[in-house]
Amino acid sequence: MIEYTQLVKVCSAFMEPLSIVSTERLLNGFSNDNFLIRTQQSAYLLKCYKTQWPAIGLQAQQELSKQFICPKPIWTDKKNNYAAFNYIEGDIAQNNTQQNLISKLAKVHAYPVKTPPMNIAQELLYYQQSDIYKHHQLQIEHALKSIAKMPYSEGFCHNDLVKDNIIVNTSGMYLIDFEYAQTNDIYFDLAALAVSFNLNEQSREALLNSYKTYLKKEGEFYHSTKKLDYYSVLFLVLCIGWYEQRDINTKSVGLRAQLIKLLKTL
């Protein structure tokens, strides 16, 4: 892990080191090392990426921050995998999908950049030797086949809308951590919200109805709670596989219960 002296040296690239009042390692991020840097006037988030450099996500955040959807990247160092952002004060979202969040998600999906689409089936294969995949392989394959028969709703997606990546404060709700952002079926993000907030059947229907109201063109959205359910199954399997592969079992217990409950309705 990065030492304090190295941390100060890194920060000197985008701020005056003597102005630092405090530094704190944030423990809610699992993919990267994240640090909260405070000065008298401002607060910054320093991300130290452990894997790939998220060029697409960083560029998207640069543009989407202008619409107050996410924090703005203020400095990047691709060579060393560092990026600094304006820090958004607030709490992790807990139990709602406010209109403010849904409207911002629709704007993310409308971001005019197209990338190679996320391949859900391929992502799932990373966990094909896991207990969760083996136990539910038939249901996973059924969900994939069912989705393939439905219209594809393309958009620029966040692809990691767990609650930890949704910050709420008095100004509204904000999205953070766009490392996995790329073109995908927008139902993947909607399913992430349904799973993250553990929405019941009525709330899942309300989510789709609300999302539809924020689209610019009528008729461009294929409304299907069944499609939402199938994508929720796939999102749950991916999350459970990711957490358990890293022995973060406290995160997977509730997700497993949610998956079992959902599969009984399909």
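Quick note: the coordinates plus some simple rules give every number you see, no bench work behind them. No experiment lies behind these values; they were computed from the predicted model shown. When we count neighbours, we look across all protein chains shown, and the Cβ atoms used for this are built from the backbone with ideal geometry, even at glycine.
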In the range 36-83, what trypsin sites (Lys or Arg not before Pro) fall in a loop by DSSP, with at most 15 other Cβ atoms inside 10 Å?
Lys50
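Once you have a ≥ b ≥ c as the square roots of the Cα gyration tensor eigenvalues for the range 35-83, tell me rounded if a/c is under 1.5, and otherwise prolate or oblate according to whether a/b is larger than b/c. Numbers along the way, then the final one.
Values: a/c = 2.45, a/b = 1.10, b/c = 2.22.
Oblate.
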How far is it, in nm, from the label point at Glu89 to the one at Thr170 when both lie 7 Å from their Cα along the line to the Cβ?
0.9 nm
Of Ser203, Ser153, Ser22, the most mobile residue in a GNM of the chain (C-alpha springs, cutoff 10 Å) is Ser22
Calculate, for Asp247 and Leu215, the FRET efficiency according to 1/(1 + (r/R0)^6) with r their C-beta to C-beta distance and R0 45 Å; round to the nearest 0.05.
0.65
Using alpha-carbon pairs under 8 Å, 6+ residues apart, how would you state the relative contact order of the range 4-87 in percent?
22 percent
Hand me the trypsin sites (Lys or Arg not before Pro) from the range 192-236 located in a DSSP loop with no more than 14 other Cβ atoms within 10 Å, in residue order please.
Lys216, Lys217
Cβ-based charge dipole, the range 4-87, positive-most Cα from Gln41, Gln59, Val10:
Gln59
Model label zone, Ile2; criterion: amide N under 11 Å from point 7 Å along Cα-to-beta-carbon; scope the range 74-102
76-77, 80-85
GNM flexibility winner over the chain from Ala110, Ala148, Ala206 (Cα, springs under 10 Å)
Ala148
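If you keep only loop residues by DSSP, which chymotrypsin sites (Phe, Trp or Tyr not before Pro) in the range 127-183 have at most 16 other Cβ atoms within 10 Å of their Cβ? Kindly include the intermediate steps, with their values, before the conclusion.
Working: sites: Tyr127, Tyr133, Tyr152, Phe156, Tyr174, Phe178, Tyr180; in loops: Tyr127, Tyr152, Phe178, Tyr180.
The qualifying sites are Tyr152.
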Using alpha-carbon positions, the gyration tensor of the range 36-122 gives root eigenvalues a ≥ b ≥ c; with a/c under 1.5 called rounded, otherwise prolate if a/b exceeds b/c, else oblate, the class is oblate
Using the structure shown, select from Lys9/Lys72; Lys163/Lys264; Lys149/Lys261; Lys72/Lys261 the pairs with a Cα to Cα distance greater than 31 angstrom.
Lys72/Lys261
Under the rule of at least 5 residues apart or a separate chain, name every residue whose amide H is placed under 5 Å from the amide H of Ser153.
Ile186, Tyr187
Spatial separation of Cα centroids for the range 230-261 and the range 1-80, in angstrom:
29 Å
Let me check I have the definition right: for the range 128-205, take the eigenvalues of the Cα gyration tensor, multiply each by 5, take square roots. What are those semi-axes in whole Å, largest first?
25, 16, 15
What number does the range 188-266 give for Rg over Rh if you use C-alpha atoms and the Kirkwood radius?
1.03
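Percent relative contact order of the chain, based on C-alpha pairs within less than 8 angstrom and at least six residues apart? Walk me through the numbers before you get to the answer.
Working: 372 pairs, mean separation 45.3, N = 266.
The normalised contact order for the chain reaches 17 percent.
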Below 17 Å, Cα to Cα, which aspartates and glutamates can Lys107 reach? Residues fewer than 8 away in the same chain don't count.
Glu63, Glu154, Asp160, Asp177, Asp185, Asp189, Glu218, Glu220
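Compactness ratio of the range 63-215: Cα Rg over 2.2 N^0.38 Å, N = residue count?
Numbers: Rg = 16.6 Å, N = 153, 2.2 N^0.38 = 14.9 Å.
Rounded to two decimals, the normalised Rg is 1.11.
Go ahead and estimate [θ] at 222 nm for the chain from helices alone: -39,500 (n - 2.57) per DSSP H run with n ≥ 4, summed, over the residue count, rounded to 500. Don't skip to the end; give the middle numbers.
Numbers: 10 runs with 111 residues, N = 266.
Here the helix-only value at 222 nm equals -12500 deg cm²/dmol.
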Phi to ³J(HN,Hα) by Karplus 6.51 cos²θ - 1.76 cosθ + 1.60 over the range 67-77, Hz, x for Gly, Pro:
9, 6, 9, 8, x, 8, x, 10, 6, 9, 9
On a 0 to 90 degree scale, rounded to 10, what angle separates helix 249-263 from the longest Cα axis of the chain?
20 degrees
Given the convex hull over the Cα atoms of the chain, what projected area results after averaging over all orientations, in nm²?
14.4 nm²
